1. Out of all the residues in the stretch 166-182, which are open to solvent by less than 30 Å² (accessible area, probe 1.4 Å) and on the phi > 0 side of the Ramachandran plot?
2. Out of (1) within 17 Å of the chain's Cα centre (by Cα); (2) under 22 Å from residue 219 (Cα atoms), the odd one out for residue 347 is which?
3. Kindly provide the set of residues from the stretch 31-57 that are buried (at least 17 other Cβ atoms within 10 Å of the Cβ) and more than 19 Å from residue 137 (Cα to Cα), ordered by number.
4. Tell me the residue from 14, 72 that is open to solvent by 40 Å² or more (accessible area, probe 1.4 Å) and of a type in the set (Gly, Ala, Ser), please.
5. Considering (1) more than 17 Å from residue 162 (Cα to Cα); (2) at pLDDT below 95; (3) buried (at least 17 other Cβ atoms within 10 Å of the Cβ), say which one residue 258 fails and leave the rest.
6. For the stretch 86-98, name all the residues that are surrounded by fewer than 20 Cβ atoms within 10 Å (Cβ to Cβ) and either of a type outside the set (A, V, I, L, M, F, W, C) or at pLDDT below 90 (or both).
7. I'm trying to understand the selection: among the residues of the stretch 211-227, which are open to solvent by 10 Å² or more (accessible area, probe 1.4 Å) and either free of Cβ contacts under 8 Å to residues at least 12 places away in the same chain or of a type outside the set (D, E, K, R) (or both)?
8. I need the full set of residues from the stretch 311-336 which are more than 21 Å from the chain's Cα centre (by Cα) and surrounded by 20 or more Cβ atoms within 10 Å (Cβ to Cβ), in order please.
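The values are calculated or read from the model by the stated rules, or taken from the named source; none is laboratory data. Model, not experiment: these values are computed from the prediction. So basically every Cβ, Gly included, is an ideal-geometry build from the backbone, and we count neighbours across all protein chains shown. Note: areas computed on protein heavy atoms with side chains; ligands, DNA, RNA excluded. Shrake-Rupley method; radii C 1.70, N 1.55, O 1.52, S 1.80 Å.
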Amino acid sequence: LDFYGTVLAELKSADGAIYSFYEEHLADFETAYAEMYPETFEEMRTLADALQAHCRSQEERTLLSWPRVFLAQLHMQIANIGPKQGECTSVVIRPVNGSIIHMRNWDFGPRPDALGSASATVDFEEDVEGGRFTCLLALTHISKWTTCMRPGSFSMSLNARGFGEGHERGRSPAEELRLLRLGRLPRVEVLKQVMRARSFDVALAAAAEARALTSMYVILANGGEQTSSSAGGAVVTLAGNGSSTDVLTMPHRSQADGWFLAQTNVDHWVPVAQNATSSHRREHVKARLRALGPGTTEAELFAILQDKAVYPEGNQGPDDGRIFRPSTIASVLMRPAEAIYRPLLWQALPHQQSPLEENS
């Protein structure tokens, strides 16, 4: 029940001073969201009201109060609180036969079992004729579109970026609030702008031009008409301090590894090292792909996401290279050109069924 309490406790233990600032200035953050991003703010309000409507005791109403729900929605502004060894793996593949494949492991903490139980695939219908896209959502974070597909156009996944050049770590919470008021985009707004694009090229431009408040990776797969010069996919690295944006497109077929992109939670240009968190996981994915080759089956490719082995063999360091982790909530396979969206749920609370399982 108290999922939000667990999230807030981790935030507080990570940096009590920053957490206290957010608590003390919660009304200022509310006002900033309400004025700058009214749709997102209203979604958060609606979520909190719905939770309150289902409370059966005063204790539950306290645990699911608006301040606690709202604070938890801001967790990626307050700190990157995923598992210590990073979170999420995204892969874009151009197979020999068939359309572009985009697959990802969605990892998060704390309480991946609670998030799994509160996850569902949601279809978004737009006013424009034919406008539709699908996302896997954790209903606890109703505005966070992290794994989405627009049929016939493109797919998108989000990976956290917890460190690196141009990272905002060390920024004061007062400066965070100032930048928010100036219009720097929270993570959820970047993702919304990308998914509201109607083509891969427009989505890529939206991601690359975003002035993001927090660092992140936006991974895109091209589901539109392919030509010899088309980019099959791209990884956009956004720096939270606004200093730079890096766009890595899938290499040409003629180049080495010209049929895939693999992104974890470390910048793609950073060499593998124990102090480069999730770099061994990135290299593990690449090694598995090279061993299989571009002519392998979809099922064999998707199985890479379920690899629990350390990498390289015998690795006993903290960055152990495991692809499938205790924090992995779901694996998702998307083929936007064929409108295939296939989520597999791995985590749920005991004796409870996720909405994802109910709809599968």
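1. The one that is open to solvent by less than 30 Å² (accessible area, probe 1.4 Å) and on the phi > 0 side of the Ramachandran plot: 166.
2. (2)
3. If the condition is that a residue be buried (at least 17 other Cβ atoms within 10 Å of the Cβ) and more than 19 Å from residue 137 (Cα to Cα), then 32, 33, 36, 37 are the ones that fit.
4. Working: 72 fails: open to solvent by 40 Å² or more (accessible area, probe 1.4 Å).
Answer to the check: 14.
5. Going through (1) more than 17 Å from residue 162 (Cα to Cα); (2) at pLDDT below 95; (3) buried (at least 17 other Cβ atoms within 10 Å of the Cβ) one by one, residue 258 breaks only (3).
6. We begin by selecting, within the stretch 86-98, every residue surrounded by fewer than 20 Cβ atoms within 10 Å (Cβ to Cβ); these are 95-98.
Result: 95, 97, 98.
7. Looking only at the stretch 211-227, we keep the residues that are open to solvent by 10 Å² or more (accessible area, probe 1.4 Å), and these are 211, 222, 224-227.
222, 224, 225, 226, 227, listed by residue number.
8. The answer is 311, and nothing else.
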